[in-house]
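Notes to accompany the following structure.
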Amino acid sequence: MLAQTPTPPYYSVIFTSIRTEGDNGYAEMADRMVELARQQDGFLGVESARNEIGITVSYWRDLESIRKWKEHIEHSVAREKGRNEWYQSFKVRIAKVERDYGFEQE
């Protein structure tokens, strides 16, 4: 399901990654991070896909909401585990969404 975002402007955090072998608790932590992000003030939605490269895009009301999410203690623990156990490499990009449009077939 695609995230139901408000009228722009808002922000996106684009997280792309290449995983290491094995799960090593990754799936459980990924589910927990989505659950926790949904509870944060300013969170608007998330979309994710994984094949050889994983892409997760989360949407936020403003840069302050993103900063608070980055500083959340459980999120900090997950980032550290990611560096040490789950990712060969990753990249985070933050972008301002100024326009969006779409199509939905009935």
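Listing LEU44, LEU36 from the residue with the fewest other Cβ atoms within 10 Å to the one with the most, what is the order? Walk me through the intermediate numbers first.
On the way: LEU44 19, LEU36 15.
Least to most surrounded, the residues fall as LEU36, LEU44.
With r as the distance between the Cβ atoms of LYS70 and TYR101 and R0 = 22 Å, compute the FRET efficiency 1/(1 + (r/R0)^6) and round to 0.05. Mind dumping the intermediate values first?
Working: r = 29 Å, r/R0 = 1.31.
Between TYR101 and LYS70 the formula returns 0.15.
So if each residue of separation counts as 0.36 nm, and I subtract the Cα-Cα distance between VAL77 and ILE53, what length gain in nm does that give?
Details: separation 24, 0.36 × 24 = 8.64 nm, distance 2.22 nm.
Contour length minus the Cα-Cα distance gives 6.4 nm.
Hey, for a label at GLU28 modelled as a point 7 Å past Cα toward Cβ, could you say which residues of the range 79-94 have their backbone N under 18 Å away?
Under 18 Å, as judged by backbone N against the label point of GLU28, lie 79-87 of the range 79-94.
Per the helix-only calculation at 222 nm, which mean residue ellipticity applies to the chain, given -39500 (n - 2.57) for every DSSP H run of n ≥ 4 and division by its residues, nearest 500 deg cm²/dmol? Mind dumping the intermediate values first?
Numbers: 3 runs with 31 residues, N = 106.
For the chain, the value works out to -8500 deg cm²/dmol.
How would you rank SER89, SER58, going from fewest to most other Cβ atoms within 10 Å of each one's own Cβ? The partial results should precede the final answer.
On the way: SER89 10, SER58 24.
With the fewest neighbours first, SER89, SER58 line up as SER89, SER58.
If you scale each eigenvalue of the Cα gyration tensor by 5 and take the root, what three semi-axes come out for the chain, rounded to whole angstrom and sorted largest first? Don't skip to the end; give the middle numbers.
Working: eigenvalues 116, 56, 30 Å².
Semi-axis lengths for the chain are 24, 17, 12 Å.
Each reported figure results from applying straightforward, stated rules to the coordinates on display, with no laboratory input. Since we're looking at a predicted model, the values are computed, not measured. Methodologically, a virtual Cβ is constructed for each residue, glycine included, from the backbone with ideal geometry; neighbour enumeration extends over all protein chains shown.
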